[in-house]
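The values are calculated or read from the model by the stated rules, or taken from the named source; none is laboratory data. For clarity, every value in this text was computed on a predicted model and none was experimentally measured. So basically every Cβ, Gly included, is an ideal-geometry build from the backbone, and we count neighbours across all protein chains shown.
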Amino acid sequence: MTCVAVKVGKNKITLGADEMVSSYHKSNINDYNTTKMHQINNEFAFGGAGDLAEINMFYNYTLTHTPRDANELALIEYMDDFCNWKSKRGREYSASEIHLIIVFKGLVFRFAHNSIYSITKFDAIGTGAPYAYTALHLGHSIEEAVLAAIDLDHYCGGNIQLIEMAVQHA
């Protein structure tokens, strides 16, 4: 239960999220000392919605594994490798328990239902996504979009977290 949103600007990508996390049917404003967004380095960041344990497992995977390239095929292979990696650690093969917004090498992708999509303008995931997506469609900032989700979705809350990264120019 969350909201993670992304906006691709002329020179920067802004990834934003509320800080509400849920685990075992309990929602808290970061009582778990974790976050649903991570910046791995200056080329790689992600935000996740769904199973918090799965998001944390993906974070651990990203610390030692990097996609081979910044395109949909390479990211599909990367997510398949993640599923294999986690199945060796006692988790099911499927990654459909989570949705991700991935920023890699100045490009943005959405992972949902075991598929990868390129994002060129904006997107949002989680229960607050309809509110954030509407705000972004109306031209509002990431902060305003996540705040709309916090105000209108009772599964979103807390402070707004932001990550800013450079856009890849052709």
Checklist entry - Cβ-Cβ below 6 Å, separation at least six or inter-chain, first residue in segment 113-133 and farther than 25 Å from VAL167 by Cβ, second of a type in the set (Ser, Thr, Tyr): which pairs? => result HIS113/SER96; ASN114/SER96; THR127/TYR155
Checklist outcome for this item: Expected output for segment 68-85 (first residue exposed (fewer than 15 other Cβ atoms within 10 Å of the Cβ) and modelled with pLDDT under 95, partner part of a helix (DSSP H, G or I) and not acidic (Asp, Glu), Cβ below 9 Å, 6+ apart or cross-chain) is ASP81/TYR61
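Answer with yes or no whether THR14 is at pLDDT 95 or above and more than 28 Å from ALA135 (Cβ to Cβ). Write out each step before concluding.
Details: at pLDDT 95 or above: yes; more than 28 Å from ALA135 (Cβ to Cβ): no.
Answer is no for this residue.
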Next on the checklist: Residues that are crowded, with 17+ Cβ neighbours inside 10 Å, over 25 Å from GLU19 (Cβ atoms) and touching a strand residue (DSSP E or B) at 6+ places or on another chain (Cβ under 7 Å): does segment 150-167 have at least one?
Outcome noted: no
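Would you check which residues across segment 17-34 are modelled with pLDDT of 70 or more and either of a type in the set (A, V, I, L, M, F, W, C) or assigned to a strand (DSSP E or B) (or both) and list them?
First, pick out the residues of segment 17-34 that are modelled with pLDDT of 70 or more: 17-21.
Matches in segment 17-34: ALA17, ASP18, MET20, VAL21.
Between LYS105, LYS86, which is touching a helix residue (DSSP H, G or I) at 6+ places or on another chain (Cβ under 6 Å) and more than 26 Å from ILE150 (Cα to Cα)?
Only one candidate qualifies: LYS86.
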Item to check | Evaluation of SER115 against (1) within 15 Å of the chain's Cα centre (by Cα); (2) at pLDDT 95 or above; (3) not aliphatic (A, V, I, L, M) (one fails), failing number | outcome: (2)
Checklist entry - Restricting attention to segment 35-55, does a residue exist that is of a type in the set (Ser, Thr, Tyr), farther than 16 Å from MET79 by Cβ, modelled with pLDDT under 80 and surrounded by fewer than 20 Cβ atoms within 10 Å (Cβ to Cβ)? => result no
